[in-house]
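Comments concern the structure below.
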Amino acid sequence: MNAELSEDVAAMTATAQRFAESEIAPHIHTWDEAGSFPRGLYGKAANIGLLGLGYPEALGGMPAPFALRNAVSVTLARVGGSGGLMASLFSLNIGLPPVLRYGSAALQQLVIPPVLRGEKIAALGITEPGCGSDVAGLRTTARLDGNEWVINGEKVFITSGMRADWITLAARTGEPGSKGAGGISMFVVPGDAVGLSRTELKKMGWWCSDTAHLRFDNVRVPVGNLLAEEGSGFKIIMTNFNGERLGMSAMALGFAQACYDEARDWSRQRKTFGAALVERQVIRHKLVDMQMRIASTQAWLDAVTARVDAGDEGPEWVAQVCMLKNHATQTMQFCADQAVQILGGMGFMRGTKAERIYREVKVMMIGGGAEEIMKELAARQLGL
């Protein structure tokens, strides 16, 4: 990382830390219990440049390499300590990239700037009741009727699904009854489209994230809302997954660090049998075990990030992203478990970061591609 980039990273992570300390951490327990956070938080994040990171200036963003974006994600996760908030607040980063890469100039201008200003919310609609990691199995259909596409089907586990103003959607446009990766296309669907209905979903974790089951009943969108060529959707989805998985790895690292911070601080102040917990060898060793995993995850994240910032997105890099996502979420899982153990009874109480992150581990290990899928994809990319 060169000196100029290091300065940019330091400045932006300091901004992110102040934002998390003032706008997230004091309120997150209340928001989690309420099952949502104020929509106004999008505008606050936009005003300090957090939503625009990585997007062109012409669309209201601020170009930024993954090194900067990932550093900000780690900081927000570490200080804010809520995956649910980050998932919804930054759902634009999985919803907008296909629009940016493959949408027409007119569609980009319509969709992207209001989202980057925090005025609108973008979401991604891929997963269905009958297919999650098996993207090629999706059944939602889109048929051309004059100058409109007519969409029918369902999507489930959609982050920001209840509030999304724009949904980047995968649907099958091939021949009726077609299967597999062919014949899948991507569309941008407005949230106020006639025939779109939403049902809120209750979850183990990510309580303040609005997760939804979406139903499309003869939803019509203009032909111009098709992204790229008809039938190119599978490639678009796979490319989008790489960025999502890299971002999730950064978040997982931040949550692991949050667990370590809380466990370390607790072990210094909590006294048992006349001495602080940290004076017990077994506790110190637990903290060191956490640091070992955090350090390895940080090093791996930095290496993979440096490669994509240098333009390397080849098969071996994709394999590294898949393996990194597994390693980072396993680090998060280990640190959450150890933190709850060190906190003891307090670790079981609502309101601690460790308890919240413990509940959020599984969605991080499954979302964006389950562990088993990540291993198989990595094996194929490595030619095994």
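The values are calculated or read from the model by the stated rules, or taken from the named source; none is laboratory data. No experiment lies behind these values; they were computed from the predicted model shown. Backbone-built Cβ (ideal geometry, glycine too); neighbour counts: all protein chains shown.
Every residue, every condition in (1) part of a helix (DSSP H, G or I); (2) within 19 Å of the chain's Cα centre (by Cα); (3) surrounded by fewer than 23 Cβ atoms within 10 Å (Cβ to Cβ), yes or no:
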residue: Gln257; (1), (2), (3): yes, yes, no
residue: Ala263; (1), (2), (3): yes, no, no
residue: Trp266; (1), (2), (3): yes, no, yes
residue: Arg284; (1), (2), (3): yes, no, yes
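The criterion of being among the polar types (S, T, N, Q) and buried (at least 21 other Cβ atoms within 10 Å of the Cβ) holds for Gln333. Does the stretch 336-349 hold any residues that are crowded, with 24+ Cβ neighbours inside 10 Å and not β-branched (Val, Ile, Thr), and which are they? Within the stretch 336-349, Ala336, Ala339 qualify.
Screening Leu110 against (1) over 30 Å from Met62 (Cα atoms); (2) of a type outside the set (D, E, K, R); (3) surrounded by fewer than 21 Cβ atoms within 10 Å (Cβ to Cβ) leaves a single unmet condition, (1).
Among the candidates Asn240, Asn218, Asn225, the residue that is of a type in the set (S, T, N, Q), touching a helix residue (DSSP H, G or I) at 6+ places or on another chain (Cβ under 9 Å), more than 28 Å from His29 (Cβ to Cβ) and in the same structural domain as Gly161 (by TED's automatic domain parsing) is uniquely Asn225. Give the residues of the stretch 288-307 that are buried (at least 19 other Cβ atoms within 10 Å of the Cβ) and either over 20 Å from Tyr358 (Cβ atoms) or not polar (S, T, N, Q) (or both), sorted by residue number. Answer for the stretch 288-307, where residues must be buried (at least 19 other Cβ atoms within 10 Å of the Cβ) and either over 20 Å from Tyr358 (Cβ atoms) or not polar (S, T, N, Q) (or both): Met290, Arg293, Ile294, Leu301, Val304, Thr305. Taken over the stretch 182-228, the criterion of being under 13 Å from Ala123 (Cβ atoms), part of a loop (DSSP other than H, G, I, E, B) and not small (Gly, Ala, Ser) is satisfied by Asp210 alone. In the set (1) at negative phi; (2) aromatic (Phe, Trp, Tyr); (3) under 19 Å from the mean Cα position of the chain (by Cα); (4) assigned by TED's automatic domain parsing to the domain that holds Glu128, the condition left unmet by Phe187 is number (3). Filtering the stretch 108-166 down to residues that are among the small types (Gly, Ala, Ser) and outside any loop (DSSP other than H, G, I, E, B), which residue is farthest from the chain's Cα centre (by Cα)? This residue is Ala142.
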